[in-house]
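Comments concern the structure below.
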């Protein structure tokens, strides 16, 4: 059996009781980085063998799949958050399902859901793009297509490229496009930057150094937001 187990984004207190119970009961833990996962397990007094899962290595995929086919109960974790969501895991899940291995997914921490909830843009539909392509032309095309759906768009970005992302949003969707850039969610230096794409980009550009992982939520202009809210009404 394969159990998909979300792990804390940064604050270890965010782990769920069910996640802890599962990690204590499995035969082994499949993970991105065995060192990081061992730190998590040791913090909660859990002693389990860990096996590195490399999404881009066929040998690693077969090794993990073989454990499941042998009847082992394995937990799949990423370094933080929910596996398979802009993190490794989906190839193993697909392979396990194809082999008839039972798969279950536990609810838990998700940076995208957390950022959307705190953005205050909408409680309805949204489009999640994860990390955009590195080429600006492809990224702009993807952004435009997603934004045309008239829903907020969620994007992940590193501290090294977040200013370029915001500049791309400003250029592609308009400088006054509302955004919320959530930095280091659930960690000590958590920060929420709110404003237009242009103003948030300028804010970050003034800093000596930009640090922390970002979740950028791109909202709709006020008139489109009002129309979106009306479309969510049940009558």
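The values are calculated or read from the model by the stated rules, or taken from the named source; none is laboratory data. Since we're looking at a predicted model, the values are computed, not measured. No Cβ is skipped: glycine too gets one built from the backbone with ideal geometry, and neighbour counts run over all protein chains shown.
Among the numbered criteria (1) more than 15 Å from residue 221 (Cα to Cα); (2) more than 16 Å from the chain's Cα centre (by Cα); (3) modelled with pLDDT of 95 or more, which single criterion is violated by residue 172?
(1)
Quick test for you: out of 52, 62, pick the one residue that is touching a helix residue (DSSP H, G or I) at 6+ places or on another chain (Cβ under 6 Å) and surrounded by fewer than 19 Cβ atoms within 10 Å (Cβ to Cβ). Reasoning before the result, please.
Working: 62 fails: touching a helix residue (DSSP H, G or I) at 6+ places or on another chain (Cβ under 6 Å).
It is 52.
Considering only strands (runs of 3 or more DSSP E) fully contained in the range 109-219, which possess at least 2 residues that are under 19 Å from residue 87 (Cα atoms) and touching a helix residue (DSSP H, G or I) at 6+ places or on another chain (Cβ under 9 Å)? Break it down into steps so the answer makes sense when it comes.
Values: elements: 127-131, 153-157, 178-183, 191-196, 214-218.
In the range 109-219, the matching strands (runs of 3 or more DSSP E) lie at 127-131, 153-157, 178-183, 214-218.
For the list (1) part of a loop (DSSP other than H, G, I, E, B); (2) surrounded by 17 or more Cβ atoms within 10 Å (Cβ to Cβ); (3) in contact with a strand residue (DSSP E or B) (Cβ under 9 Å, 6 or more places away or on another chain), I need the number of the one condition that residue 75 fails.
Only one criterion in (1) part of a loop (DSSP other than H, G, I, E, B); (2) surrounded by 17 or more Cβ atoms within 10 Å (Cβ to Cβ); (3) in contact with a strand residue (DSSP E or B) (Cβ under 9 Å, 6 or more places away or on another chain) is unmet by residue 75, namely (1).
Please pick out the residue among 92, 129 that is modelled with pLDDT of 95 or more, in the same structural domain as residue 221 (by TED's automatic domain parsing) and surrounded by 12 or more Cβ atoms within 10 Å (Cβ to Cβ). Lay out the reasoning, then the answer.
Details: 92 fails: in the same structural domain as residue 221 (by TED's automatic domain parsing).
Being modelled with pLDDT of 95 or more, in the same structural domain as residue 221 (by TED's automatic domain parsing) and surrounded by 12 or more Cβ atoms within 10 Å (Cβ to Cβ) holds for just one of 92, 129, which is 129.
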